[in-house]
Amino acid sequence: MSLVSTVARRFVFERRASGDLKSRGFVSFIAAISMSGLALGVTALLVVTSVMNGFERELKSALTGFHGHVILFSRGDPVSDAQRYMDEIPKYFPAVTAVSPYIFAEVMLSSVKGVAGVVIEGIHRPTVESVSHIGEKLRAGHLPNALPVGSSGAPEITLGAEVARKLHVGPGDNIALTVPFAKDGDAPLVRRLTVAGVVRLGMYDYDSKYALMELSDFQKILSMEGRVNAFKLLTKDPAKSYLVTAALNDKYVYPLRARDWSSLNRNLFYAIRLEKVVIATILMAIVLVASFNVISTIMMMVHDKKRQISMLKALGWGPRQTFGVFLLIGTVMSVLGTMLGLGLGRALCAVVEWKSIIDLPADIYFLSRLPIEMRPLEWLLICAMTIGLAVFSTLWPSYRVSRESPVEGLRYE
């Protein structure tokens, strides 16, 4: 062990006599408080950024798990040759791995106990699960199947979880479909449907807004046989789906228009990123305050150990060694405080992942529980910034004491 590290250890952990009792020095206690402040700042920063990352991850998962990576929709009349586009798009755009056609329309569903306005999507059963994770989201029953040819039964529908709750229905129950813009004679079009299942899509907005029918059944109800008004596309890399979107818009000028998953909720993603930056900046103030505590600890230690420092200088102890002692003390305090905060942050995140501590109102936050996503690179950056800031704060007091004359500490001895 070098002389500098030995002196630093003695300065921090020296025991003092107070009457007949021995206790650790007051400066050691202040050093522990400073390290605790750093630890709390790091813990708060790590946990909050992990929660914000979790929100962003869950939002992306909900969007891509239902809509796929790109939506290609008609701004005019529905297209009649869906198979052409299903064959053509993967051919001209190699980044697209799957295509599924569908139709959508705003309708009203009603039961004996409730009414709900929803968007029904007529899904193409053979391809829908290749572009989305709808099958994995089922909570009861099954996805809607097509009615057998010639059957007089009621078409099947799968409801979003919140839609089913509003209507107070479940698999096997009957509900009424009303299409305001379609007519059955002089009256609005009304059809009886059978609830096939309940699906939880991962976002309250989706669960309270969407329902699913088999494509051919919904086409018959809307008198749109053989036509669709949108396609869902899956790409190789979701992060680069915007490039596919731009290429699709260049090729299909009208009536089709493409939008990628990030543009569907661009403002929401921007708000999450902005909140993350603002909250992280505010929480860095805790780390900054803890860094000032490190400065005050070093200054108090300098005042407390002035006599010992002066004696060492009188014996040949150089400015460089004096500077190294207090820089080492500050660095060790910074590293220990940061590592303690890292451990506390990891433990708290693990507890939140294991059991939701805070239940969120789903109609406000889109989610019902607190999500967590720990990103190692981000955590490493936070720890490095904290250590760097705390170490930087020790430079001035360390430099100042290294330049003092040994006479100052021995003048009144």
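Each value in this text was obtained by applying a stated rule to the coordinates, not by laboratory testing. If you're wondering where the values come from, they're calculated on a predicted model, not measured in any experiment. Please note: Cβ atoms are built from the backbone with ideal geometry, for glycine as well, and neighbour counts cover all protein chains shown.
Working note: Debye formula, equal point scatterers on the alpha-carbon atoms of the chain, no solvent; log10 I(q)/I(0) at q = 0.06, 0.10 Å⁻¹ is -0.44, -0.78. When the convex hull of its Cα atoms is viewed from all sides, the range 237-358 shows a mean projected area of 14.2 nm². Our estimate of slack between THR178 and SER80, defined as 0.36 nm per intervening residue step minus the Cα-Cα distance, is 32.8 nm.
Remark: the chain carries a charge dipole of roughly 1880 debye about the Cα centre, counting +1 on each Lys and Arg Cβ and -1 on each Asp and Glu Cβ. Result for the chain in a Gaussian network model with C-alpha springs under 10 Å: among SER130, SER50, SER100, the largest mean-square fluctuation is at SER130. May I ask you to list the residues of the range 46-64 whose amide nitrogen lies under 16 Å from a point 7 Å from Cα along the Cα→beta-carbon direction of ASP205? Label zone hits: 55-64. Dividing the summed -39500 (n - 2.57) terms of all DSSP H runs of n ≥ 4 by the residue count of the chain sets its mean residue ellipticity at 222 nm at -17500 deg cm²/dmol.
Counting only whole DSSP H helices of the chain, the ones at least 20 Å long by C-alpha along their axis and with mean Kyte-Doolittle hydropathy no lower than 1.6 are 376-393. What separates the Cα centres of the range 252-326 and the range 97-148 is a distance of 49 Å. Convex hull volume per residue, computed on the Cα atoms of the range 79-228, equals 120 Å³. Here the peptides 33-41, 139-147, 263-271, 285-293 are ranked by packing, the mean other Cβ count within 10 Å, and the order with the highest first is 33-41, 285-293, 139-147, 263-271.
Placing a pseudo-label 7 Å from each Cα along the Cα-to-Cβ vector at SER263 and LEU138 gives an inter-label distance of 3.4 nm.
Taking every DSSP bridge with both residues inside the range 79-228, close to 75 percent are antiparallel.
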